[in-house]
Amino acid sequence: MEERFLLAKTRIYEIAEGKDMSADMPEAFADYFRKVAEFLKLVLEHENFVEEGGLQKAELSELQRRNHSLYEDILPAHYEESYGNPAYCVKRLGEEYGRLLSFLYAEMRSLIPFCHERQEEEILIRLELFLQVYSAFEGSLLEEEKLPSYESVREDIYYFVSDYTRDSFRKKLEGMFLPEQDFAWKILRENSLDTPAYLYAFGEYITENELRTWEHLKELPQETIDLMADTYTEGYRIGFLMGNKDIGKKKIVNIRYTLGFERMILKAIRNFEAMGLEPVIYRAPASLLIGKSLNRNGYFGAIPNKQYDFDHKDDIGLFLDKRLVQIRLEAWQECFEEFKEQAGYFGGPAVVEVFGEAPEDLKEKEEAVHLSESQQKLTVEYMTQAGEIQNRYIKGEERSFTIIAFPTPEIGENYPEIFDEVIRINTLNYQKYQKIQQKIIDTLDLGKYVIVKGRGENRTGMKIMLHHLTDTAHQTNFENCVADVNIPVGEVFTSPVLTGTEGILHVTRVFLNGLEFRDLSLQFEDGKVKDYTCSNFEEEEKNRKYIRDNILFHHDMLPIGEFAIGTNTTAYVVARKYQIEDKLPILIAEKTGPHFAVGDTCYSHAEDVAVYNPDGKEIIARDNECSLLRRTEPEKAYFNCHTDITIPFDELGEISVVTEEEQVITVIEDGMFVLPGCEELNEPLLVSLKKQ
């Protein structure tokens, strides 16, 4: 392998310097290969810097310069003329080759983290792929042809993707199940957090945002750091307790976070170790082989360019066919079987989300790769079967999770004050909310369905059917959600009956998974999405595609998996005070009004585990007509997605429950709680209105 690496490195340096390039190669392609080779040379030189201990020896300014140079080409200021931009690549190289070679360059960029992790084989196979494609162009010139056939080059890359699938999946599961191999945990153990230099050891893009986050946490007193970490880890523990699951069976917890929060993470690790759990902190994938996606799943630094991520989100469409789906499923099964013992010890993720970045107007480019209709169906098929395989080894009825969120400095000049407010929101007295929410649940349990109406410009009009309670003394439809898996406190939720659930869900503006939706409207019939639209684009076809890609995730339909009433009016008022409603993560936003989730229920893959509220009643609404199919047609039971859509209080006209006797009991009217016993929830709203 050393010989192969030396040969590849030597040839790439020659291409970068123009020494190994035929004068007959078309100018645009010569420029492409030279530019990509220059980037690879930069990465290989950086690898030498890492190997020689430069990360430990260099001044902070040198670390910053090197880090910036690795990501400079795809930053917004340079992206319009980057081969990472499919629009530019298509313009320069033509439609077919433009898309394919833009993907190739994007895949080469995964070498940055690999060189930090010293994964020599991962680096080598990508260098050799680049040289194989380059040689195809050189070979065509020897045969007196200007270009090789597109299909022959696509095939070369296709076999790279398929041949290395199993190795990539195996390494992915090593990252999930083997704490002793954890790269990030090693950095935390072996580096001082007193200076921010350690941040550059991860191999992620680092900006002023991550540096200021580190600085802010460094200035916080230890008791505040302890409070943040304790709330986070206690939420994880309580999640097992409330879900009637035995945390004692677990040995591994997966920590996911954004760089800059290491001081809190270290305290959290000590808390988890006291519970008998070792951390695994794997990186969000940077390679298509491992599962790179628009939503980063793991630890990561700054996002260099969201438009770049958006442009490459469907690159798998260059290769996706039934054969590749089968290869990936077989590899997934084989790798899980290899790690089946470790998979049984996996407790689930503990996630620290961040929010505050300014929303971006992402463009849907025609030049980017888009999945065909048949590929969308293959994607759904793959996600369903891969999810089933994973759940056989990491059993849903035995695992849990927790999620907490904090702002980043990008949120604006009030960052320190907002950070303090979020800590307050995350640590609200859950016992007070539990008591008030129980009054709401007791009222909702009297009903056969719930009515939700918007006001003003909000056109929502929904009828939500509830499960029939056969033993009201011991059964309930709604979970009393305290600060456990979803921090902060503040919601009651259920899995509705689909049959009879109908109407229109509308929000004037909402951010879902970092994407903005304007005038989002979903029409439901028997609890399933029948029609949908938004006003992001002038062309209706683009609006529908935007929703299908990013809410329906290529499914022909999705059911309502959850209906909830958020009760955290404190969070709502804080968002309004600092005008950060558009920056709140779903985790907090869903507590600031009623919300509906499309996709799986909150009890996905764990429906048969009895779950109880603090009052001792069993929550029976764990299934719907789709999830029940797991017993007869399991391939139709789950959708492997769950997206919450919240109606804010100021767009809310009414929430009422209708009893079997057709009595209407109003819970919320014109954005205020009117149900007796819930008056305390209005206090933050009233104080805010008085100040206005």
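The values are calculated or read from the model by the stated rules, or taken from the named source; none is laboratory data. In this text, all values refer to a predicted model and were calculated from it rather than measured experimentally. With ideal geometry, Cβ positions are generated from the backbone for all residues, glycine too; neighbour counts draw on all protein chains shown. Surface areas here come from the heavy atoms of the whole protein model, side chains and all, with no ligands, DNA or RNA. Shrake-Rupley method; radii C 1.70, N 1.55, O 1.52, S 1.80 Å.
Per the Cα gyration tensor, the range 41-91 maps to an equivalent ellipsoid with semi-axes of 28, 12, 5 Å, ordered largest to smallest.
Using the Cβ-Cβ distance between Glu413 and Glu360 with R0 set to 25 Å, the FRET efficiency works out to roughly 0.80. For the range 203-344, the calculated P(r) over all alpha carbon pairs, in 5 Å bins from 0 to the bin holding the longest distance, is 2, 8, 13, 15, 16, 15, 14, 10, 5, 2, 0, 0 percent.
Largest to smallest in accessible area, the residues Ser22, Ser82, Ser293 fall in the order Ser293, Ser22, Ser82 (1.4 Å probe, all protein chains included).
Among the listed pairs Lys218/Lys583; Lys186/Lys267; Lys146/Lys542; Lys250/Lys435; Lys186/Lys250; Lys591/Lys617, a Cα-Cα separation exceeding 26 Å is found for Lys146/Lys542; Lys250/Lys435. The amide H of Glu353, built 1.01 Å from its N in the peptide plane, has Ile404, Ala405, Phe406 as neighbours under 5 Å, considering only residues 5 or more places off or on other chains.
Rounded, prolate or oblate: pick one for the range 329-472, where a ≥ b ≥ c are the square roots of the eigenvalues of its C-alpha gyration tensor, a/c under 1.5 means rounded, and failing that, prolate if a/b is larger than b/c, else oblate. Since a/c stays below 1.5, the shape of the range 329-472 is classed as rounded. Using C-alpha pairs below 8 Å separated by at least 6 residues, the relative contact order for the chain is 11 percent. Taking a straight line from the alpha carbon of Lys19, these lysines sit under 19 Å away, with near neighbours fewer than eight places off in the same chain left out: Lys9, Lys35, Lys41.
Residues in the range 388-401 carry Karplus couplings, in order, of 5, 4, 4, 6, 5, 9, 10, 5, x, 6, 10, 9, 8, 6 Hz; the curve used is 6.51 cos²θ - 1.76 cosθ + 1.60 with θ = phi - 60°, and Gly or Pro positions show x.
Just how far, in whole angstrom, is the range 523-539 from the range 1-30 if you go by their alpha carbon centroids? Here the two parts' Cα centres lie 51 Å apart.
In order along the range 165-182, the Karplus-derived 3J(HN,Hα) couplings, from 6.51 cos²θ - 1.76 cosθ + 1.60 at θ = phi - 60°, round to 4, 5, 4, 5, 5, 4, 5, 4, 6, 4, x, 7, 10, 10, x, 5, 9, 6 Hz, and Gly and Pro are given as x. Once you have the Cα-Cα distance between Asn429 and Glu341, take 0.36 nm times their residue separation minus that, and quote the gain in nm to one decimal. Full-extension gain reported as 27.8 nm. Proximity of backbone amide H atoms, modeled 1.01 Å from N, is registered between Asn297 and no other residue at under 5 Å, excluding neighbours fewer than 5 places apart on the same chain.
Among the GluC sites (Glu not before Pro) in the range 322-387, those placed in a DSSP loop whose Cβ has at most 14 other Cβ atoms within 10 Å are Glu366. Near Lys292, the amide H atoms lying under 5 Å from its own belong to Ser287; only residues 5 or more places off or on other chains count, and H is placed 1.01 Å from N. Dividing the summed -39500 (n - 2.57) terms of all DSSP H runs of n ≥ 4 by the residue count of the chain sets its mean residue ellipticity at 222 nm at -13500 deg cm²/dmol. Evaluate E = 1/(1 + (r/R0)^6) for Glu457 and Glu223, where r is the Cβ-Cβ distance and R0 equals 45 Å; express this FRET efficiency to the nearest 0.05. In this case the efficiency is close to 0.50. Listed values for the range 199-206 are Karplus-derived 3J(HN,Hα) couplings in whole Hz (6.51 cos²θ - 1.76 cosθ + 1.60, θ = phi - 60°), namely 4, 7, 6, 6, x, 10, 6, 10, and x replaces Gly and Pro. Here Glu215 and Lys577 are evaluated by their C-beta separation; at R0 = 22 Å the FRET efficiency comes out at 0.35. Using 0.36 nm per residue and subtracting the Cα-Cα separation, the extra length available between Asp650 and Asp156 on full extension is 172.3 nm. Full extension of the segment from Asn191 to Glu381, taken as 0.36 nm per residue of separation minus the current Cα-Cα distance, would add 64.0 nm. Taking every DSSP bridge with both residues inside the chain, close to 75 percent are antiparallel. Oblate is the label for the range 61-154. Its Cα gyration tensor axes, ordered a ≥ b ≥ c, give a/c of at least 1.5 and b/c at or above a/b.
A Cβ-based charge dipole, computed about the Cα centre of the chain with Lys and Arg at +1 and Asp and Glu at -1, lands at about 1180 debye. The Cα atoms of the range 292-405 give a gyration tensor whose axes a ≥ b ≥ c have a/c of 1.5 or more with a/b no greater than b/c, which makes the shape oblate. Could you state the number of Å between the C-alpha centres of the range 343-375 and the range 406-459? Value for the Cα centre distance between the two parts: 25 Å. Each residue, Lys251 and Asp442, gets one label point 7 Å from its Cα in the Cβ direction; the gap between the two is 4.7 nm.
For helix 60-71, what angle does its Cα long axis make with the longest principal axis of the chain, in degrees from 0 to 90 and rounded to 10? Value to nearest ten degrees: 90.
Packing around the peptides 297-306, 400-409, taken as the average count of other Cβ atoms within 10 Å per residue, puts them in this order, highest first: 400-409, 297-306.
Roughly how many whole Å is it from the C-alpha centroid of the range 97-148 to that of the range 471-494? Using only Cα atoms to place each centre, the spacing works out to 52 Å.
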